[in-house]
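I have a structure I would like to understand better, so I am pasting it below and will then ask my questions one at a time.
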C-alpha cells in the first residue's frame, strides 16, 4: 500500500493508469452504448439559469410555464392559454 501511494505522488501517469483500472467496467459500459446524460444536463442548466435570472418566482405555475416555453415544450396559442389568479 505504501508503494502504491509513493508512485501516486511521484508519477501522475501511474495515477492515470490506476484510475483507468479502477473504472474499467464503467468505461467499457459507457463506450458500448450511444446513450449519455447530456440532454438532461442541458435541461437542468436551463432551469438553473432561469431561476438565477428571474430571482425566483412566487408562483410555481408561472415558473413552470416560463420553463416549458423556454424549452419549446409548449407553444402558447392565445392569451387565454395561461390564466393567472388575481391577488386577493
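For the pair residue 64 and residue 52, how long in nm is the line joining their label points, each one 7 Å along Cα→Cβ?
A separation of 2.5 nm, rounded to one decimal place.
Compute the distance in nm between two label points, each set 7 Å from the Cα along the Cα-to-Cβ direction, one at residue 14 and one at residue 31.
Result for the modelled spin labels: 2.4 nm.
Values quoted throughout were computed directly from the atomic coordinates according to the rules given, and no laboratory measurement underlies them. In this text, all values refer to a predicted model and were calculated from it rather than measured experimentally. Ideal geometry is used to build each Cβ from the backbone, glycine not excepted, and the neighbour counts take in all protein chains shown.
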